[in-house]
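See below for the structure under consideration.
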Amino acid sequence: MNSAATLRASIEVNIPSAFALSRRTQQKTILTGISQIDALTAGIPISALTEICGSSLASSGKTSVLVSLLAHATQKHFCALVDGDDSFGPASAQAAGVNFSRLLWVRCGKTKSRLRPLEQAFKATDMLLQSGGFGLIVADLSSLPERFVRKVPLTTWFRFSRVAEKQPVALVFIEQQPHATSCAGLVLQLKARPAVWSGKLLTQFKLEAEVVRAREKKPSHSTTSDFSLPAQWA
């Protein structure tokens, strides 16, 4: 028996599991209901922090993805939406199939609280995350001034990420730009492309989705997918 085999045998006697194959637990996800995005990302990861980003200057599809995600998630999970600027449209959400009996809608910025809307949003998200019981928590910060969101310290994102990792919850932030960096398990960037018109009627929005960061591995190059959504969802 050569020296390598002898060493291996000795290690196996003392540490039986030393050379056992370790299989990574399959990541559980919640589908967005938009096939192109789900094919690109395999869904929104559970036990992780996700950022869905897009410009506020043009319809980038953030609202469409949010509504579709809530419509699918509320069929199986209790969900919470922290609405940073009270901009959520319940009528379009109901038309998309959101189950409001399983959705807690927290409206920020409309109360007499001394906290600013961004502070309210983070405080509410933290309380919901700590309380448990939700399969999906979405904090929509996309309508809040970017100059304020940019000032959120990295330690805050890190803490949210660590708490989410210990719970069976998908934690999603809707933003104009990504801020959690390496704390995020998934970063999805949405961009608007030329829309589809029928005469003077806008019928579809053409969008591009790019995976900037994924939990399994960071892509060496951008992974993108083009797709269209009905105008009433944009």
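The values are calculated or read from the model by the stated rules, or taken from the named source; none is laboratory data. Fair warning: this is a prediction, and the values are worked out from it, not measured in the lab. Every residue, glycine among them, receives a Cβ derived from its backbone with ideal geometry; neighbour counts consider all protein chains shown. Heavy atoms of the whole protein, side chains included, go into the accessibility calculation; ligands, DNA and RNA do not. Shrake-Rupley method; radii C 1.70, N 1.55, O 1.52, S 1.80 Å.
Worth a mention:
- Whichever residue in segment 115-136 is under 17 Å from Leu49 (Cβ atoms) and in a loop (DSSP other than H, G, I, E, B) and, among such residues, is nearest to the chain's Cα centre (by Cα): Gly135
- Within segment 62-121, the set of residues being among the small types (Gly, Ala, Ser) and surrounded by fewer than 21 Cβ atoms within 10 Å (Cβ to Cβ) comprises Ala71, Ser87, Gly89, Ala91, Ser92, Ala95, Ala96, Gly97, Ser101, Gly109, Ser113.
- Selection count, segment 142-167, where residues are touching a helix residue (DSSP H, G or I) at 6+ places or on another chain (Cβ under 6 Å) and either within 16 Å of Ala184 (Cα to Cα) or of a type in the set (D, E, K, R) (or both): 4
- Test: residue in segment 45-57 that is surrounded by 23 or more Cβ atoms within 10 Å (Cβ to Cβ) and over 12 Å from the mean Cα position of the chain (by Cα): yes
- Checking each residue in segment 61-114 for being touching a residue at least 24 places away in the same chain (Cβ under 8 Å), in a helix (DSSP H, G or I) and aliphatic (A, V, I, L, M) picks out Val65, Leu66, Val67, Leu69, Leu70, Ala71, Ala73, Ala93, Ala95, Ala96.
- Residues satisfying the criterion are absent from segment 154-162 (criterion: assigned to a strand (DSSP E or B) and among the aromatic types (Phe, Trp, Tyr)).
- Restricting segment 145-194 to residues that are in contact with an Asp or Glu (Cβ under 6 Å, 6 or more places away or on another chain) and open to solvent by 10 Å² or more (accessible area, probe 1.4 Å) leaves a set whose member that is modelled with the lowest pLDDT is Arg193.
- Verdict on Ala139 being open to solvent by less than 50 Å² (accessible area, probe 1.4 Å) and either in a strand (DSSP E or B) or among the aromatic types (Phe, Trp, Tyr) (or both): yes
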